[in-house]
Each structure stands twice: as C-alpha cells, then as structure tokens.
1. With only Lys, Arg, Asp and Glu charged, each at its Cβ (+1 for the first two, -1 for the last two), find how big the charge dipole of chain B is about the Cα centre; round to the nearest 20 debye.
2. As a check on your grasp of the helix formula, calculate [θ] at 222 nm for chain A: sum -39500 (n - 2.57) over DSSP H runs of n ≥ 4, divide by the residue count, round to the nearest 500.
3. Compute the Kirkwood hydrodynamic radius of chain A, taking the inverse of the mean of 1/r over all pairs of distinct Cα atoms, and give it in Å to one decimal.
4. Give me the distance in nm between label points sitting 7 Å out from Cα along the Cα-to-Cβ direction at B:Gln163 and A:Arg195, one decimal.
5. Length gain on complete extension for the stretch A:Phe341 to A:Ser353, per 0.36 nm per residue less the alpha carbon to alpha carbon distance?
6. For Cα pairs less than 8 Å apart in space and 6+ apart in sequence, what is the mean separation divided by the residue count of the range A:297-397, i.e. the relative contact order in percent?
7. For the range A:115-226, just say rounded, prolate or oblate: build the C-alpha gyration tensor, square-root its eigenvalues into a ≥ b ≥ c, call rounded for a/c under 1.5, and beyond that prolate if a/b exceeds b/c, oblate if not.
8. For chain B, just say rounded, prolate or oblate: build the C-alpha gyration tensor, square-root its eigenvalues into a ≥ b ≥ c, call rounded for a/c under 1.5, and beyond that prolate if a/b exceeds b/c, oblate if not.
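Please treat every number below as a calculation from the coordinates, not as lab data. Keep in mind the model is a prediction, meaning the values are calculated, not measured. Cβ placement follows ideal geometry from the backbone for every residue including glycine, while neighbour counts extend to all protein chains displayed.
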Amino acid sequence: MSEERFLRIKDLDLRFYTYEGVVEALDKVNLHIKNGETIGVVGETGCGKSVTGLSELVLIPSPGRIEGGKVLLNRDGKWVNLLRQKDAFLRNVRGNEISMIFQDPKSALNPVYTVENQIGEAITHHRMEEMCKRVIDNSEKAKEELKRTDLSDKEKAKLRKNVLSNREKRFLERIIDYPEDTIARWASRIPVLNRFKKRLNKEVKKEVVRMLKDMRIPDPERVAEMYPHELSGGMAQRVVIAMGLCCNPSMLIADEPTTNLDVTVQLQILTLIKELKKEYGTTIQYITHDMGVVAEMCDRVAVMYAGNVVELADVFEVFKNPLHPYTRALLECIPRPGAEFKSIEGFVPSLISPPEGCRFNDRCPFAMDKCVSVKPEFVAAKAGHQVLCHLYTGEAK
Amino acid sequence: MGLRTYILRRIILAIPVLFGAALFVFAVIQFLPVTLRATLYVTNEKQISRLDEIAKLYHLTDPVYVQFYYWLRALLLERNLGTDSLGQPVYEAIMKRMPTTVEIVMYASPIIVAIGLTLGVLSGANKDKLIDQASRVLAIMGTSLPSFWFGIVLLSIFYAGLQWFPPQRVGIEAQKFIGMANSSWRWYTGLVTIDALINGQLWIFVDSIRHLVLPVTVLSLLNSAVMVRVTRSSMLEALSKDYITAAKAKGLTRKEVINKHARRNALIPAMTISGLMVAGLLTGVTITETVFNMGGIGQYAARSATRIDIPPVIGYTIMSAVVFVISNLIVDILYAYIDPRIRLG
Amino acid sequence: MVEERPLGTTLLTLLEATVGLIEINLGILMLLVGNPLPTVLGPIDAFSTGILLVFLSIMSLFTAYSLWAGGPTNWIQAVLVLVIDAIAKIMLVVTYGTSWIALAATLELDLIALYYLTRPSTTPFFGGDGVRSVLEKFRIEMQPRIKELRFTFRLVRKSPLSIVGAAIIIFYVLIAIFAPYLADPTAAIAQTGDPNMMWKDNELLRLSSVQPQLPSVNHPFGTMEGQYDIYYGCIWGARQALRIGLYVAGGSMLIGLAIGVFASYYGGWIDEVLMRFTDIIFAFPGLILSMTLVVILVPLGFNRLDAVMLSLTIVGWPGYSRLIRGEILRIKNEDYVEAAKSVGCSDLRVIYKHILPNSIYPILIVFTLDIGTVVLGAAALSFLGIGAPPGYADWGQIIALSMNWIYGSPSNPFGNWYTFVIPGLFISMFVMGWNLLGDALRDILDPTMRRK
C-alpha cells in the first residue's frame, strides 16, 4: 500500500428524480482511495454506499443523475475525470481497470448463459489481443513440434489440433490490428470461416478454468459449463469474483458480496478475497454494513450516513478513536456479551427534503444550534483522519 | 426433472384436456331435445319423418354415458362429424377447405412472429423514444380495430379503389385453368401457391399471392399487436435485472447488453403467449375468410353458424380445440428446451 | 367502548342503508324475473334497469357507510356527495323515465340534506362530541389509503393516454345516456315498438329502394341498405355496446371471482375440479366456443342477442377465476400473510384484509381491457350474422349490412364509404378508449414501476 492515490471522489452530488420528489442521494461526497489498499465503505441501508460505487463506474440507473463533482482516476500520474469521458473510454475502464462485483451473485449472472460464456465475455472484451496472440503462438509452437520425428501418431494428432490454417491466422492477426474489424466479425458468423473462433474460444475457456481454479473452485472444467441456477450461493459468488478479476483490474469494488450468503460461506469468501488480494495486489473498495467485516478486511474505512461521508480514517484509528458522533454511536451499538443492547434513537432523515444543516443533527447528542442550519465541512481533524462535523471544524489544519 | 420427463408429463396432461373438451362439447349438445339432435344426423329430406328411427339408430335415447361412447367412437374412428344442412358430410366439407385455411395461416404466422418479436425488443430497448411510441400506437390500434372492419376498409381501398389485391383465393382465369377437365394442373399439397410453383405455372403463383396479400395482412397486423406488447414488457423486465448492470460493469456496449443479455431473457416469456397467438389466428381466420370470401374452413363454419346449422360448427370447434391444445403443447416443449433452468432441471 | 351517537345520525344512516338495500333487492329481482313494477319500456330494459339499480345501490350503501363512519367535514364535501348521488339518480330517470325511481331519487336527496342539516356541529339539538373523536380516529386510519389513492389519481392525470382514454369513454357514456335526445326514437317505436331497432325511412324506400343514400339533412350519416338511418344506429349502438360490454364483462367478472375465491378458499378436490373445468374452457378459442354456444342456445329459445351475451359470459368467466386464483396463491405465500396468520387471523379475515386489497388492481385492469375485447367479439359475431338481427342498432350489424355495398359503383368505388367507415370508427374509438385506459392503468398500478 502506497500513499499514492488511485481514485478521488470530489464533492459528488447525485440526485434521483422520482415521482415522489427529488432524492438527494449523495451530497458533496468526498473520498480518496490509495493504491493497493482495502478501503471499507460502511453505513446503513440507504446511506448511499452502493451508488457511490456505481458512480465510480458512471453506471447510475435511470431516474438518477450526477449533478456535480468529479470522479478522478489516476492514470500514469494524470488525473482524468471519469464523469466527463466518452462512453468508449468508460467501457475500457469498466471491467478492465475498475471492476465491480454485486450483492446477489445469483441475480448478477445471466440465467441463460453458462459460467464460461459470462466470464469469457469479459475476457474476450478486454484481453482479445492477448488471447489471439496466444493462439497464434500455440500454433507456431505446434508447427515447430511437428517437425520432430519422434512423435507418436496420437501426439501428432493432438498437436495438429493447435495448428492454424493460414486463413485463420490472418483473421486473428486482423483482429489484433483492428479490434473492431467488421470483416472478422462477419466471418465469425459464417460456419466454415469461423473456425478461428473455435480455437480462440478454446483458449478463452482455458483461461476461464484457470480463473476458476484460482478462486479455489473444485472441478473447474465442469463448473465452467454449468448454468447459474445450478450453482450454490458461495460458488456463484466465486464465479462473480472471477468475472471481476479475470481482466486483472487495478481496483475491485465489492458491493456487499457476502450479505446474501450463509455465515460459514461468508467466512470462506472473505478469506478468499484476502488471499486474492495478496496474490493480485488489487485495490479493493469494500462496501458493507457490517463493522465486523470492516475490522477484519480493511486498511482504511469511510463511514457514510444519509448521503454523506462523515468520517474517513485508518481502521484502527476509527475503532479506537471515533470522532464523528454517528461513528461513535455505531460502535456502541455493536452487541457485547453482558452489556445492555443499545440503538441509536430516531430515524434516518428522508432524503427527499433533507435537513439543511448536518443530516445527523436530529439524532446527535452533541448537536449545537449551528448544526441545524449550517452544513459542516469535511476537514482533517488529525493527520489522515477526516470528519464531517462542526465539533472539529475549529481544529481545521 | 429432466427435459424428457417434462415433455412426457406435458403430453400426458394434454390428453385429459382434449378428452374434457370433447366431453364439454358433447355435454353442450345434450341440452338440445332428442328430436333436434336427431335432425343433426339427417342426410336427406325424406328422413325427417322418421326421426324416431334415427334417434334409435344413433343411440340418442340411451343413457348419457352410452351416448357419449357412441358419439366419441363416431368422432374418432369413423370421422363422422354429422351432416350439414346441405347434405354434405361435415368431415369431407372441412377437409376440402382445409388447404385454403392452412395456406393463409402458413404465411401469416411467420410475419406475426417476426413483427411481434422485433418490434417488441426494439420497443423495450428504446423506451419512450419514437420507435416505442410508434409501436405502442400500433399495438393499441391492433387491439382496437375490429378485424372485419379493417379487412373491409382495405378491400375498399386496395381492391375497389386501386384494383391491386382482389378477394377470394384465385382469379377467374386461374380458376378456369385449374378446374378445366383436361387441364395439366396437378394438385400436390393442396396449397395453390406451392402447387403453382411445382406445376411451373408462375402466373398462377403470382395471382394467388396477390389474392393472399390482404387477408394475410389483416391477420398478421392485428395479431402481432399482442405479441409486441408482451415482448415489450418482458424486455423491460429483463432490462431491470441485476445481470444487466453487471454486464454493463464488464464494459459491454449498450448494443451488446441489449442484444446478447436482455433479448434472450425477454424472448423466453414472450414465447408463452404464442399459444394465445394461435387462438387469435383461429378466430381471425374465421372472420377474415368470411370478409374476403376465401372459401376456407372458417368461412364454412361462420356461414353454418348464421344458418344455425349445428354439425359444421361443432366439427369446427372440436378441430380448433385440438389444434389449440396441440400447439400449446408444442410451445411448452419449445419453451422448456430454450430455457436452461427447465432443461437441466 | 360505548360510543355516544346522536339519534339523528343513527336514524339517517339507517334510512340511507335501507334505501340502498331496497334498491339492491329490486335490482336483483329485475335481473332474475323481469320488471315487478310498471315501466315505460319492456323487458330488455328491466334487465338494464336492474343492473343500474345494483350499481346505484352500491353507491347508496357506500354513502350510508361514509355517513356512519366519517361523513363530510365541510359543506363542499357534503354538496359533492349530494351531487354525485343525485346525478346518478337523475341519469336513471332521464334514461328510462320510470317514475318510482324518480321518487327514490328525491327521497335520497331529502335524506342527505337532512343529515347535513342535523350534523352535530351545526345543530345543538342532536349535538354531542363523542362521535367527533371516533370520526377523527377513523380519518387518521384512512389517511395512508387516501394518500395512495390521491397518488394514483395524480399519476392518472399525468399520463395523457389515460386521460384520452377516460375522455373517450365518458364521451360514449354521455351519448348512450342522452341517446333519446340525440336521436329521436319516436319513429322507431312507431315502426317496431323497440327503440333499439333502427327506423326505416319509408319515403326513401319508395324512391330509391334499398340503395344506401349519402348523408343529408335528414340523415346526417346517410342511410344503409333498407334505408335505415345510420346516425340513429350509431347513437343507439352506443347503448348496445355499453350494455354488452358492462353486462358481459361485469357478469363474467362476478362469476369468475366468486368461483375463483370459492375454489382457492376451500382448496382440495373442489379446487382441482373447478380448475380442470376452467382448463377445458380454455382449450377452445373464445369466439369459436361462443359461436357453438349461440348455435345451441338459439334452438333452445333464446333470442340471438341474449344468446350472444350469455355465451360470451360463459366463455369469459374462467379468465377471471384463474386471475384471482393466481393472485390468491401468490399472496398466500407472501410473508406478511404468514405473519398475519401467526398472530391468529382467521382465513377469511386474511383473504379480506390482505389478499383482496392487493389483488384488486390486476382485476380492475383486466376488467377494463375486457370490456373492449367483449365489444369487439360481439361486433364480430353480429357481423357474421350470429348476433343482432338486421336492422338492430348494433355497430357490428350495421357493418354487416354494408358488405354488399363496399365496392360502390364502377365509376365511384368509394361511393358508399359512409356505410362502413362511420360505424367502424365508432367501434374502434370505443374499444380504443377502454384499451388506453386499461394500458395506462396497468403502467400506473404496477408497483415496481410506480416509484420510478
């Protein structure tokens, strides 16, 4: 984990225009993610943690619109505002540099396509060149091998399977040079000409199986040919994670990946994610409502409430020394054996006509007059520990 | 359960339905008094005075279950559906007119499916845009216009006015050619369009196509409306699912997402109403044939109904039920085959 | 808890409810037996009067209930209740001219006026505030329901299609109600005794035989074969269309719902048998089965129109049974029903409180669309010659008579356009209105789409 920042969200405003009114889902959200870290985004249902993730990929569903702010991605030292990029650019980022996995694995997979098809889709989309090169390389190697004289017929037959005809080779090279090539696409539909596709698909499938093995899925060849409804919850989630990681993204956004799973499976998946992090070194943004998971998995944590990031700091810092009253209340609510069962009084405010000042003011035990009318600034109360609260604006750096 | 079990189960379930349908028709006929029912079996005038004998001959005074047995036997084994008021056996009358009806339906069905599915998918993918509004208007028109009226209006414009597409099955010259005593015409399938090609008489082929345009248009346009509507809503539902967002998050283009992911999921529920489409076709064919004087089974049944001539109507109804049930069965099987969730159990 | 209720309020609500019950009984009697009281127009109108009475009695009972439970809180609301109730009764009087109904209408008006005058807040004579607090509690309870309803109406207003649909329907309803004023039935009654049979212009018959005539001053839409006035046919055809639509769709809905609820409530073999029965009817395409039924009913003595209505109803009810059964089964499995049962709600209460309110919407939508379908079907049957007799004021029948003339003359192929274009437009617009409304309702009431 370095200090270099990978992604920055600056003053992000997101509104949903519904029949009942305008929902201010995100209100000047500020967040930065460092290279290689695991950052947790924690909050209750409806606090905006999921849409924050979706905003990073600019995938906000229909009645929603981003009304302000920036989503900055660090590309070789330069900051690019994803909100202003063309669709083609974004499509290159999605699944390739930033990947997202979702809460319900069974519904995140298309029920009419096999596992292999869906993971393969991501690979085909982003790593086509690599796959084509591999096929061509295999063909060349096979040709070389065939020159040997000490091969049995069976071995020869096996090697010949990998050899490409000239026409097929030309098609693949064409794809490498012109990824969007129409002729190649046409050829892939015509029965005789599309044999090059078969070779490609085999290579992609090999890659899929490799991914599934990495996910610690037993018997990956068989699983690759299964349909989503045949998989168990844990298995499906591993497939989804494989789908997310297959193009080796720099960052993975995990939106409550274990919420819908049994507790035992949850532990397996969490362990898997930790191991994958060690192997791949991906930056992870872990969205959850479970403080326990945060403590287990994350380096830093952002606490969200009613569309704001209210606290952002190191995990140990937050647990040891929570600054924002909401965070404090949250931590007190974690059930402890022998202690009284606590909860936070009051309700989350409606985001259609949110309160003018701090959105937590009606439930905050430390609320001042200022809090009702004036929104606090997101400032660093200490080094590396930012809070959105009037109690700390005096201590601004 | 696997695919084979599913298919078997479906077939087995269809049989009692068919049986029940026959029973239902039989029960409905039973409401008529014996003398009336006897007249259904009359084949010429002289028999009217000897209705009692006819009643005994056909077991019409026996207990109900005996009657049902004989009725069903006559239906299935002897193919005796009774005689119409003109003295013709109903079964033969229907068989004679069958090819006409088949021909119309044969051309209309693929058009309906093509329009319905394509327009439905496009409509759902581009909600509230121009193509969506246009197809919704089409759908509403399709379900609001009376088919007979639409047919009449088209006849008025395209035949009376423009002389392009005449009613009836073939024109006068073609009729003469086919019906001539020493004509070279040979019937192969019974369908004028196909047989014209086989016979090498291209002009008859063109002529019969010309005659088919209007009835097929009326049938297809109005029946595709339902399919457009259903496909559209199932497309919208598919697009609201999580896997669409996941696909987008993989970096796929909008077109790929719609065509690859959403469409197949949308088409599956749309298939379930293909059965309904068959019902619409059967009904539509009855009306369309009458309007355009095509001489098919539908027209025969409709004319009989007007004259309160019972046997042909009964025969037509039973036939429709059989066609309907079987086509539903086929659709069910196809559906199970396409949806992997059912195919693999 | 014993509630203090002023004597006046109690008496009035009881009277209102009694009038409502009398109306409903008379209505059902008329439906079953015919007209027990003298009216101006024969047996068919007893049928229609009966149905209208049933609808209106529902309104009366509703008024009674609302008086009992909450009543108007200010004079605007009171006037509204009064006006709506009165309009309904006046419509009936205007349409059918039966004198005793006029009597009932005025009686109601008096009762409502009396109630308002004797409200606790306005008159110390019947005073007492005990009722007030009960009414307030009820109002609070109804708030979320009313809010949902208001939201629905707002959506309805926002959707232009539903407004167009509703407007079209209201247009036809007005035509139907005011038919005797828009198209004078005296000539028709003079010729055949039934205003629903179109009148013939005998003058023109002498002059031009059966040839259809172009629109003229005497015949705004022209005449058809046999010199029937097309305008008259179209206007009174609206009545026929509404009659068929509401009776068949309403009838099949009531029968279908009853059987469906009955089957799902008792379950077991009753359910199986009834569902097999609906499956059998579903094995036939609708119109074809109704053709068969008509062909059987007519020799049994029904006149053609009644046979058509009856057969369409028989063909239609299974659809509703399946619908309500599907809804009940779906909701039965939802968690909140289990929750309700676990706190001890009886089955009937569960159906009433949880299942019915949630399944009303799909039924409403299907009913709206069904009216259009039924009218189209009846028009098709009339066109084929199976429904209304020639000369009857039925749109399908008018088009049937025009079949011989659609080609016009060789020199003027569109010469007789008015014989089929105009009635066809009437049918299409009518069905389109119901379809638009049904479609719009479907979009609006779909809970998953609502919040978007």
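1. About 1260 debye.
2. -12000 deg cm²/dmol
3. Across chain A, the inverse of the average 1/r is 23.6 Å.
4. Once both label points are built, they end up 6.0 nm from each other.
5. 1.2 nm
6. This gives 25 percent for the range A:297-397.
7. oblate
8. Cα axes put chain B in the oblate bin.
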